[in-house]
Amino acid sequence: MRFQPKPLAAAGLLALCSLAHAGEKVWISVGDAALKLLQKQKVVTPAASASPMARLAGTDSSAATADRRAENIHLVQVDEDDLLHLSAAVHRELKRCGGFMFHPSQAEGLASLQRQAGTAKMAAVAALTRPSYTIAQQAVVPGLLSQMQASNIGQTIVDLSAYVNRYYQTAGGVSASDWLKQRWTTLAGGRSDITVEQFTHASWKQKSVIATIKGTDRPTEVVVIGAHLDSINQAGTTETTRAPGADDDASGVASITEVLRTMVANGYKPRRTLKFMAYAAEEVGLRGSQEIATSYANAGTNVVGVMQLDMTNYKGSVNDIYLYTDYTDSAQNTFVSNLIKTYLPTLKVGTDKCGYGCSDHASWTAKGYYASLPFEAAFNQDNPYIHTANDTYANSGNQADHSLKFARLAMAYMVELGSDGSTGIPDKTETFSGSLTLNQTRSFGPFKAGVGSFKASTTGTGDIDLYARRTSVPTTTTYDCKSDGSTSTESCSINLTANGDVYVLLKGYRAGNYNLTVTYKAPAGLLTR
Ligand SMILES: [Zn+2]
């Protein structure tokens, strides 16, 4: 999570800025508080400013008025040398990450500003797919969730926290990236459809790590879950500075690692391509994720959804999961909260805002992609130990139960978006024939059916009545649909909103022969496999 400066930080900032010397000039975007401080010192003049209200007003007017944190955004040029001191100073004051967005050029900064403020909504790529957000994998997801283990997540947090620090410019930061690449490669278990690579960033040492499960029949559509690999200590991070970053953000990396482990352990193969990303250099301006998101947008990659897990293991608030509604996509946020309702119904969900681009999801949003940030707590109630030597597993209670909730949510997200509402159950028709004596009944099923239409119909002699029901065998009084006309020509349908079993019952109101036809059909556009 990145920082947002308060007046108190002025002292350090002012001191910092007047120290500004002729290092390389870089562009960053900051909120009001930081700009006001800098202007007081006449250190910087914004090249451009924009108000987020336009975006908020566009999508959620009530949020616009009620939004106590919707700071304006300003593009300013500063010395690169000041960036490290800058973020260290406000980490010290606010125990928040970064707090500014780094931009490789003024033009990039301007474009990003317009998108952050919502005054320019340029789709990232021409053919960006908006998923159906249909939840249809009830036959698959619960089984996978039940196999996910907090102990595995805890072990990964401990392994990553063992590095002195994972700062983007230190040997520890480089080794942690190499270690994670090896860990994910081992987990991939030699599957030919899985690759693990490191993304090299030209201007710093730490590489981002990306694992890819290639989609079976929609490989050009990509779903991303991410977390940041780097850690920071507000006191300024050298080779020997301790920055375990257990919650920020080893917990996020560990959560997505458990998703990958469980998918491979079950031989899960998605229809769309799934990507697991551990970003470098989040703490110093979202630099790793920005370079990756920019390269995807420039390549025209059709990323259909992005989820960011940054700090998942400290339960600081009454609810379990907080969906942050700024710098994210509201339609996808609704989908994510529906996933929680469907697969994690005991969890309580809240919403909040950062007021600035507070983690890597903002890099994707700035490129026009759909992103969400489920977070461990409400704003200002999150882990107080972040960016210090005390952000340890022990200070998260030596448990990863809170993280497990986020790992399971990420699994549901990847499976549902990865299959795009595909039921995984092919359309089918089955037929049966026979005869019934007076008042004799016969049941059929279970028929495996998914989201869509289930229909049963009969023809025949005599007078046979038809009943159908989800989940268990119907009776003549308990059913989801029936057809009991005076002949044996009967038909009834059930509209299914989730995968499930359906049963049919025939009763001989008068003796006769029957031909029973049972069909299941997914709705148009909803793929069956
Ligand atoms: Zn973080």
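The values are calculated or read from the model by the stated rules, or taken from the named source; none is laboratory data. Computed from a predicted model, the values in this text were never measured in an experiment. We place every Cβ from the backbone using ideal geometry, glycine too, and count neighbours over all the protein chains shown. Surface accessibility is based on the protein's heavy atoms, side chains included, excluding ligands, DNA and RNA. Shrake-Rupley method; radii C 1.70, N 1.55, O 1.52, S 1.80 Å.
For this structure, a couple of remarks:
- At 1.306 mPa s and 10 °C, Stokes D of the stretch 123-419 from Kirkwood alpha-carbon radius, µm² per second: 86 µm²/s
- Taking every alpha-carbon pair under 8 Å whose residues sit at least 6 apart, the stretch 396-490 reaches a relative contact order of 20 percent.
- Only alpha carbons enter this Debye calculation for the stretch 161-229, each as an equal point scatterer, and the log10 of I(q)/I(0) it gives at q = 0.12, 0.25 Å⁻¹ is -0.37, -1.12.
- Placed amide H near Leu496: partners under 5 Å, 5+ positions off or other chain: Gly452, Ser453, Phe454
- Per-residue extension of 0.36 nm, minus the Cα-Cα distance of Thr238 and Thr185, leaves a gain of 16.2 nm for this segment.
- Note on the stretch 294-348: Cα-only Rg and Dmax are 14.1, 42 Å.
- In terms of packing, defined here as the mean over residues of other Cβ atoms within 10 angstrom, the peptides 131-144, 26-39 line up highest first as 26-39, 131-144.
- Point-to-point label distance, Val318-Ser486, nm (Cα→Cβ direction, 7 Å offset): 6.3 nm
- Taking all pairs of distinct alpha-carbon atoms in the stretch 228-372, Kirkwood radius in angstrom: 16.6 Å
- Over all Cα atoms in the stretch 428-520, the spread is summed up by Rg and Dmax: 12.1, 36 Å.
- Per residue, the stretch 123-419 exposes 30 Å² of accessible surface when a 1.4 Å probe is rolled over the protein heavy atoms with every protein chain present.
- Across q = 0.15 Å⁻¹, the stretch 320-422 modelled as identical point scatterers on its alpha-carbon atoms has Debye log10 I(q)/I(0) values of -0.68, in the order of the q list.
- Efficiency of FRET between Ala162 and Ser203 - r from beta-carbon atoms, R0 30 angstrom, step 0.05: 0.65
- Estimated inter-spin distance, Asn495 and Ser435, nm [label 7 Å along Cα→Cβ]: 4.0 nm
- Protection proxy ranking of 256-268, 433-445, by the mean of other Cβ atoms within 10 Å over each peptide's residues and highest first, is 256-268, 433-445.
- Checking the cross-link pairs Lys353/Lys405; Lys25/Lys205; Lys315/Lys353; Lys207/Lys405; Lys214/Lys521; Lys455/Lys507 against a 22 Å limit on the alpha carbon distance flags Lys207/Lys405; Lys214/Lys521 as lying beyond it.
- Pair Lys269, Ala139: separation of 7 Å Cα→Cβ label points (nm): 1.6 nm
- The distance linking the stretch 161-230 with the stretch 245-293 is 7 Å (Cα centroid to Cα centroid, whole angstrom).
- Estimated FRET transfer efficiency (Ser472, Thr517; beta-carbon r; R0 22 Å; 0.05): 0.55
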